[in-house]
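Below is one structure, written out as structure tokens; the observations come after it.
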Amino acid sequence: ELCDNLRMTTIPQNAFQGMSNESLTLKLYKNGFEDIHSHAFNGTKLNQLILKDNKNLRHIHNDALRGATGPDVLDISSTALESLPSYGLEAIQVLNATSSYSLKRLPPLDKFGSLLEAVLTYPSHCCAFQNLRTEKKKSLLSIFDNFSKECESTLRKPTNELFYRDDSHNVSLWSAENMYPFATDEETSPYSYSIIFGDSEITSFDFEYDFCQPKILTCTPEPDAFNPCEDILGYSFLRVLIWFINILAIVGNFTVLLVLITSHYKLTVPRFLMCNLSFADFCMGLYLLLIASVDAQTSGQYYNHAIDWQTGSGCSTAGFFTVFASELSVYTLMVITIERWHTITYAMQLDQKLRLRHAVPIMLGGWIFSILIAALPLLGVSSYMKVSICLPMDIEMGLSQAYILLILVLNVVAFIVICACYIKIYIAVQNPELVAANKDTKVAKRMAILIFTDFTCMAPISFFAISAAFKVPLITVTNSKILLVLFYPVNSCANPFLYAIFTKAFRRDFFLLMSKLGCCKSRAELYRMNYFSAYTSNCKNGSSATAPSQTSQALLLLSALKK
């Protein structure tokens, strides 16, 4: 026992050589050790090696246990070790590593050949031993199955053979002549099925029980419901889908942003709002890209990367992106809907038209709100570290629970506002006194379908999230990843196509941009001619039109932007 020596900073080579030929229990705790050198325990027979409470112990050489026998028990609790030695772990039966927060990765599992009990710091590490335990069980059952087949063949043919297990626990078939000193002629009859272990004999039932009840490796703390023993995405098919979805979201929204920003046409309110929506959905694509990339890198060994990922800056960045993107997207969709309702309702009152100077502060408020909501988990309100997909699912504290409920309630309110606006739009376009063109009805109906489709995709997520916020989860984290990939980002993929790419105005801007790069010049010229003809026609109509015709022009402009 050697403890409370704060000035002892290293354990040098051969430090305990020649101390004793008997099995040793070395209690080396609460010292100032920082480093353990190669062959530090050379020449010893270690039963237990206790290194706990060495707060400054950060490094143990890979060959520190070389030349030693054992240990059976290794305790590195409350140390700063970042890794275990690669040699000398084969004999360890009990590993205690509680409060070892720097130990985030484990050596290859085949190094722990004799391990029976592990008490660790992180639940994810127990997933590694759970896989090891499953493999060992399958191996034992396979061995027993082979022996069963041998036994069946033995019972069918008149051979005097018995099972025998020597001191090294190897089971083999011996002939009756070799086993004669241990059994009578009756016992070694062709149809006997007994097993001799040293000087004792047991039945086939005992043999089966001994083989089917192997010593089971136990590991604590066990993984919880938020962090099951699986990779980040869990299902194999999600790994394929998430790449398709995130590339679609990134490429689609980046294209929309590029075309709208570089367009030489005047930046109108609808264009400005579409830029904000595209940026929000682009951020959602970045979140999916981060998740997909880390999942691909850690596939099959996530237990060794879980702590670095979930407690590091990567997961925090991904969580910030997804919350910011989702909230800004919902907010922008609501503003777009209100703007359309306002344009149609007050089309005859041009002095009340929503101008860019009004839209900018409105969207600035949305940005500030979204950034604040996304930053709260970084400040201790809920947490992005709770699950591998980096969503704020921590609801242990009352404030965290209120935070989750606030987000969900605001999303529901936004959905109600959007529904109300589109109901009013639909009623307005049915009134012939307000609208003279049938195309406006088509625009309103199409936009209503788009909005309802968007929120239909969000409905299952909101439903399960609200139930989880009240601590009555109706779906597991594993199954929630299906919602994450199939429903959560669908809007981010669909919005650039439904709101921009499929419209005539966007196609015009796209081909004009391509013509500047030397491509599609004929298509661009065609769009220029069509736009000039439409503009000339509108000017002629405007010079002789009365006030009601101004309404039709405003609605025509609205529909033209969405065709």
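The values are calculated or read from the model by the stated rules, or taken from the named source; none is laboratory data. As the structure is a prediction and not an experimental result, all values here were calculated from the model. In this analysis, Cβ positions are derived from the backbone assuming ideal geometry, glycine residues included, and neighbour counts consider all displayed protein chains. The protein model used for the area step is the full one, side chains on, heavy atoms only, and it has no ligands, DNA or RNA in it. Shrake-Rupley method; radii C 1.70, N 1.55, O 1.52, S 1.80 Å.
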Is there a residue being under 27 Å from Leu333 (Cα atoms), at pLDDT 85 or above and over 21 Å from the mean Cα position of the chain (by Cα) anywhere in the stretch 242-251? yes
Determine whether the stretch 260-282 contains at least one residue that is assigned to a helix (DSSP H, G or I), in contact with a Lys or Arg (Cβ under 7 Å, 6 or more places away or on another chain) and at pLDDT below 85. yes
Hits in the stretch 95-114 - residues which are buried (at least 17 other Cβ atoms within 10 Å of the Cβ) and modelled with pLDDT of 90 or more: Leu95, Asn96, Ala97, Ser100, Leu103
Looking at the stretch 210-239, which of its residues are surrounded by fewer than 16 Cβ atoms within 10 Å (Cβ to Cβ), of a type in the set (Asp, Glu) and either more than 30 Å from Leu289 (Cα to Cα) or at pLDDT 85 or above (or both)? Asp210, Glu222
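From the set of residues in the stretch 283-299 that are small (Gly, Ala, Ser) and in a helix (DSSP H, G or I), which is nearest to Ile338 (Cα to Cα)? Before you say what the answer is, go through the steps one by one.
Filtering the stretch 283-299 for residues small (Gly, Ala, Ser) gives 285, 292-293, 296, 299.
Checking which are in a helix (DSSP H, G or I) leaves us with 285, 292-293, 296.
Numbers: Gly285: 26, Ala292: 35, Ser293: 38, Ala296: 42 Å.
So, considering only residues that are small (Gly, Ala, Ser) and in a helix (DSSP H, G or I), the one nearest to Ile338 (Cα to Cα) is Gly285.
Hey, does the stretch 70-77 have a residue that's hydroxyl-bearing (Ser, Thr, Tyr), within 38 Å of the chain's Cα centre (by Cα) and surrounded by 15 or more Cβ atoms within 10 Å (Cβ to Cβ)?
Yes, the stretch 70-77 contains a residue that is hydroxyl-bearing (Ser, Thr, Tyr), within 38 Å of the chain's Cα centre (by Cα) and surrounded by 15 or more Cβ atoms within 10 Å (Cβ to Cβ).
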Quick one: would you say Phe320 is part of a helix (DSSP H, G or I) and farther than 24 Å from Val477 by Cα? no
Could you tell me which of the residues Met334, Met385 is touching a residue at least 12 places away in the same chain (Cβ under 8 Å) and open to solvent by less than 70 Å² (accessible area, probe 1.4 Å)? Met334
Taking interchain pairs and intrachain pairs at least six residues apart, which have beta carbon atoms under 8 angstrom, with the first residue in the stretch 102-125 and more than 27 Å from Met385 (Cα to Cα) and the second of a type in the set (Ser, Thr, Tyr)? Lys111/Ser86; Leu116/Thr218; Glu117/Thr218
Any residue in the stretch 447-462 that is over 30 Å from Asn227 (Cα atoms), modelled with pLDDT under 80, among the hydroxyl-bearing types (Ser, Thr, Tyr) and touching a helix residue (DSSP H, G or I) at 6+ places or on another chain (Cβ under 9 Å)? yes
Tell me yes or no: at least one residue of the stretch 355-362 is closer than 21 Å to Val413 by Cβ, within 35 Å of the chain's Cα centre (by Cα) and not assigned by the TED database to the domain that holds Ser124. yes
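How many residues, within the stretch 240-269, are over 13 Å from Leu289 (Cβ atoms) and out of contact with any Ser or Thr (no Cβ under 7 Å at 6 or more places or on another chain)? Walk me through how you get there before you give the answer.
We begin by selecting, within the stretch 240-269, every residue over 13 Å from Leu289 (Cβ atoms); these are 240-241, 252, 255-269.
Okay, now just the ones that are also out of contact with any Ser or Thr (no Cβ under 7 Å at 6 or more places or on another chain), so 240-241, 252, 255, 258-269.
Residues in the stretch 240-269 being over 13 Å from Leu289 (Cβ atoms) and out of contact with any Ser or Thr (no Cβ under 7 Å at 6 or more places or on another chain): 16 in total.
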Among Ile425, Ile404, Ile373, Ile362, which is out of contact with any Cys (no Cβ under 9 Å at 6 or more places or on another chain), at pLDDT below 85 and surrounded by 13 or more Cβ atoms within 10 Å (Cβ to Cβ)? Ile425
